[in-house]
Amino acid sequence: MNAYIEEVLAKVKQRDAHEPEFLQTVEEVLKSLETVIDQHPEYQKAGLLERLTEPERVIEFRVTWTDDAGKVHVNRGYRVQFNSAIGPYKGGLRLHPSVNLSIIKFLGFEQIFKNSLTTLPIGGGKGGSDFDPKGKSDTEIMRFCQSFMTELQRYIGPDTDVPAGDIGVGGREIGYMYGQYKRLRNEHTGVLTGKGLNWGGSLTRTEATGYGLCYLTQEMLKCMKNDSFAGKTVVISGSGNVAIYATEKATQLGAKVVALSDSNGYIHDPDGIKLDVVKDIKEVRRGRIKEYVDAVPTATYTEGCSGIWTIPCDIALPCATQNEIDGASAEELVKNGCFAVAEGANMPSTPEAIAVYQRSGVLYAPAKAANAGGVATSALEMSQNSLRYSWSFEEVDAKLKGIMEGIFHACYDASKEYGEEGDLMAGANIAGFLKVCSAMLDQGVAY
């Protein structure tokens, strides 16, 4: 390994030893940059890797809220503003009991490169809380969101930091947070994305991450295998926004999606997932995926999530959560005929799983490239807010498709230029890194 990379990695591991998710993503990215660092000794002189792996700002705060019974609860809120070299911080807010500083830093670090790949002027950030919205009433969620935003509003703004949704944060939560921001700041600005269509939101934003995942996957299949989604069997994990609209677009492109999951288990429908049933369960009733078998008796439900990767498929689209595919699950996928994996969730494959893909010749599109459609369309929403204008669904969708195809080619071209042809993980890291580093060098060192 390059001595400079080795030195920086050692420092990060020593300093942040208690943050496993963050260390995982830093190691993956830095190791893939070895050929770049070898060719650019000026990066070491400028301390770029040290600066890149340390957030510009970490904000941690208390969130106090009252439930419907009048009981007071305290959660912990976070916003990590990681890198603003190419634009205001941009990245989602996650509400989930698993949220901690390590997870927010890992997500924020990934966001730097993902946002860079979109070619749009947005930096990397992430935030959230260990609050669990499941089982809470609308009024409890509203009170939490208002308390969360009361503190967060001090640090964000349309030209500073523009959060969006993530796990546990959809249109309802964005609405409550935006209402509180507007109330406190007395301004109607594009400070959040994922807004309602009648108060500044963008058409296609709801579909963007899932659609974008399929657009990039389709381009990967076309260019690297002279193939497409048509006639393929697809397994998708998750059943939230990303999974639902990945299912919709993959089906439109001619594939048959046969499985979806949630945190309790997974469904298998060999005849193809009936998306209207899933949308009713998840978007209307906010139910659990096991309810699918009540409406579709020919489908089966299995408790536990990992077994979804034993279902034979041609293409796997993990859209649930980080590290959901381990080495053993990756081996099952390969054994059962899977030839392409594209990530809709953030870092859903462990390093062991990625090694299996690469060793087995599986086409692999990493999350920072494959799931960038959501943040790309968020940036398009920011543009529309600045213009006080809105584009049609077709216009935004066409821009999204072009961005995702461009991201694939940027990754592939970078992998080829730096001697790793076809390794899209290396290509994504290199292409994203080069743009950010160029901006950091141009802007000098702050003392």
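The values are calculated or read from the model by the stated rules, or taken from the named source; none is laboratory data. Every value quoted in this text rests on a predicted model; they were computed, and no experiment measured them. Cβ coordinates were reconstructed from backbone atoms using ideal geometry, including for glycine residues, and neighbour counts include every protein chain displayed. Just the protein is used for accessible areas: all its heavy atoms, side chains included, with ligands, DNA and RNA removed. Shrake-Rupley method; radii C 1.70, N 1.55, O 1.52, S 1.80 Å.
Taking the conditions exactly as written (over 29 Å from residue 364 (Cβ atoms), touching a strand residue (DSSP E or B) at 6+ places or on another chain (Cβ under 7 Å) and hydrophobic (A, V, I, L, M, F, W, C)), does residue 257 satisfy them or not? I'd like the intermediate steps shown before the answer.
Values: over 29 Å from residue 364 (Cβ atoms): no; touching a strand residue (DSSP E or B) at 6+ places or on another chain (Cβ under 7 Å): yes; hydrophobic (A, V, I, L, M, F, W, C): yes.
No; evaluated as a whole, the condition is false for this residue.
If only residues of the stretch 287-312 that are part of a helix (DSSP H, G or I) and open to solvent by 60 Å² or more (accessible area, probe 1.4 Å) are counted, the one that is modelled with the lowest pLDDT is 306.
Residue 433: surrounded by 21 or more Cβ atoms within 10 Å (Cβ to Cβ) and within 23 Å of residue 43 (Cβ to Cβ), yes or no?
yes
Pairing residues of the stretch 128-150 that are free of Cβ contacts under 8 Å to residues at least 60 places away in the same chain with residues that are small (Gly, Ala, Ser), at Cβ distances under 7 Å and at least 6 apart in sequence or on separate chains, gives 133/168.
Please work out which residue is most open to solvent (accessible area, probe 1.4 Å), limiting yourself to the stretch 168-182 and to residues that are out of contact with any Cys (no Cβ under 8 Å at 6 or more places or on another chain) and in a helix (DSSP H, G or I).
Of the residues in the stretch 168-182, the ones out of contact with any Cys (no Cβ under 8 Å at 6 or more places or on another chain) are 168-172, 174-175, 178-179, 181-182.
Okay, now just the ones that are also in a helix (DSSP H, G or I), so 171-172, 174-175, 178-179, 181-182.
Numbers: 171: 53, 172: 52, 174: 2, 175: 25, 178: 4, 179: 21, 181: 0, 182: 85 Å².
Here the residue is 182.
Let's see how each residue does on (1) open to solvent by 70 Å² or more (accessible area, probe 1.4 Å); (2) more than 29 Å from residue 355 (Cα to Cα); (3) touching a Gly at 6+ places or on another chain (Cβ under 8 Å):
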{"site": "6", "(1), (2), (3)": "yes, no, no"}
{"site": "14", "(1), (2), (3)": "yes, no, no"}
{"site": "18", "(1), (2), (3)": "yes, no, no"}
{"site": "37", "(1), (2), (3)": "no, no, no"}
{"site": "66", "(1), (2), (3)": "no, yes, no"}
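Quick one: what pairs do we get from the stretch 1-28, first residue over 18 Å from residue 349 (Cα atoms) and part of a helix (DSSP H, G or I), second open to solvent by 10 Å² or more (accessible area, probe 1.4 Å) and basic (Lys, Arg), C-beta under 9 Å, 6+ apart or different chains? Close Cβ pairs satisfying both conditions: 5/31; 9/31. Every listed requirement among (1) under 23 Å from residue 345 (Cα atoms); (2) among the aliphatic types (A, V, I, L, M); (3) open to solvent by 10 Å² or more (accessible area, probe 1.4 Å) is met by residue 72 save one, (1).
For beta carbons closer than 6 Å, sequence separation of 6+ or different chains, a first residue in the stretch 347-358 that is open to solvent by 20 Å² or more (accessible area, probe 1.4 Å) and a second that is assigned to a helix (DSSP H, G or I), the qualifying pairs are 352/327.
Of all the criteria given as (1) closer than 15 Å to residue 31 by Cα; (2) in a helix (DSSP H, G or I); (3) not acidic (Asp, Glu), the one not satisfied by residue 419 is (2). A count restricted to the stretch 112-129 and to residues that are open to solvent by less than 50 Å² (accessible area, probe 1.4 Å) and under 29 Å from residue 183 (Cα atoms) stands at 8. Of all residues in the stretch 31-43, those satisfying the criterion of being out of contact with any Asp or Glu (no Cβ under 9 Å at 6 or more places or on another chain) and in a helix (DSSP H, G or I) are 31, 34, 36, 37, 38, 39, 42, 43.
So, in the stretch 373-421, exactly how many residues are within 28 Å of residue 39 (Cα to Cα) and surrounded by fewer than 19 Cβ atoms within 10 Å (Cβ to Cβ)? Counting residues in the stretch 373-421 that are within 28 Å of residue 39 (Cα to Cα) and surrounded by fewer than 19 Cβ atoms within 10 Å (Cβ to Cβ) gives 9.
Residue check: is residue 314 touching a strand residue (DSSP E or B) at 6+ places or on another chain (Cβ under 7 Å) and among the acidic types (Asp, Glu)?
Yes, satisfied.
With respect to the conditions (1) surrounded by fewer than 18 Cβ atoms within 10 Å (Cβ to Cβ); (2) within 22 Å of residue 347 (Cα to Cα), residue 165 falls short on a single one, namely (1). Would you confirm, using the coordinates I've provided, whether residue 265 is under 16 Å from residue 320 (Cβ atoms) and either modelled with pLDDT under 95 or of a type in the set (Asp, Glu) (or both)? For residue 265, the condition - under 16 Å from residue 320 (Cβ atoms) and either modelled with pLDDT under 95 or of a type in the set (Asp, Glu) (or both) - is not met.
Which one of these is more than 18 Å from the chain's Cα centre (by Cα) and in a helix (DSSP H, G or I): 146, 111? So that I can check it myself, show each step before the final result.
On the way: 111 fails: more than 18 Å from the chain's Cα centre (by Cα).
Exactly one residue qualifies, and that residue is 146.
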